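Engineer: Encoded as structure tokens, here's the structure I'll be asking about.
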């Protein structure tokens, strides 16, 4: 029986099975990349701080009320509970469209309330033409001509990560900023 010898002078064993070091490194690298991408996504969901989902919920409510204002030819108002994770449409009496906020009467808001994901709250709301609301209720108006009160909504999760949702007044478009964007009040 003849024993096969390699070019290096070592015995050649054709029955050796296994993986090469390069194959193992490639598999470990792929698993590491996959697990790191998965861990980032799971962290937001598990810790109760999914700011992306909260942003989508707020934007959906903004688009809904802006559309309703155009459809019904009536001013629509979005109520935001600052310090909590709740927003809702506020129904106004028709003759009170342009009244001061203290004089606006609402019918029932609890039935249409929408909650943000657990662990996400409204930090504050800046309505540029009015004031910065840091506690209580802020109200953003949507007008029949398609305009919106210019506002900056700050949402925060349990890890103090903040997104700023900026509502542009003429288009109603919402721009999402990663971090807290301060806006100086117009005087």
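The values are calculated or read from the model by the stated rules, or taken from the named source; none is laboratory data. What you see is a predicted model, and the numbers here were worked out from it, not measured in a lab. Every residue, glycine among them, receives a Cβ derived from its backbone with ideal geometry; neighbour counts consider all protein chains shown.
Here is a yes/no grid of residues against (1) surrounded by 15 or more Cβ atoms within 10 Å (Cβ to Cβ); (2) at pLDDT below 85; (3) closer than 21 Å to residue 51 by Cβ:
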position: 97; (1), (2), (3): no, yes, no
position: 102; (1), (2), (3): no, yes, no
position: 123; (1), (2), (3): yes, no, yes
position: 159; (1), (2), (3): no, yes, yes
position: 164; (1), (2), (3): yes, no, yes
position: 168; (1), (2), (3): no, no, yes
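Engineer: Quick one: which of 90, 40, 75 is modelled with pLDDT under 90 and within 23 Å of residue 171 (Cα to Cα)? I'd like the intermediate steps shown before the answer.
Structural biologist: Details: 40 fails: within 23 Å of residue 171 (Cα to Cα); 75 fails: modelled with pLDDT under 90.
From the options 90, 40, 75, the qualifying one is 90.
Engineer: Where the second residue is outside any loop (DSSP other than H, G, I, E, B) and surrounded by 15 or more Cβ atoms within 10 Å (Cβ to Cβ) and the first is on the phi > 0 side of the Ramachandran plot and touching a residue at least 60 places away in the same chain (Cβ under 8 Å) and lies in the stretch 64-77, which pairs have Cβ atoms under 6 Å and are six or more apart or on separate chains?
Structural biologist: none
Engineer: Could you go through the stretch 144-162 and let me know if any residue there is under 16 Å from residue 60 (Cα atoms) and without any contact (Cβ under 8 Å) to a residue 24 or more places away in the chain.
Structural biologist: For the stretch 144-162, residues under 16 Å from residue 60 (Cα atoms) and without any contact (Cβ under 8 Å) to a residue 24 or more places away in the chain: absent.
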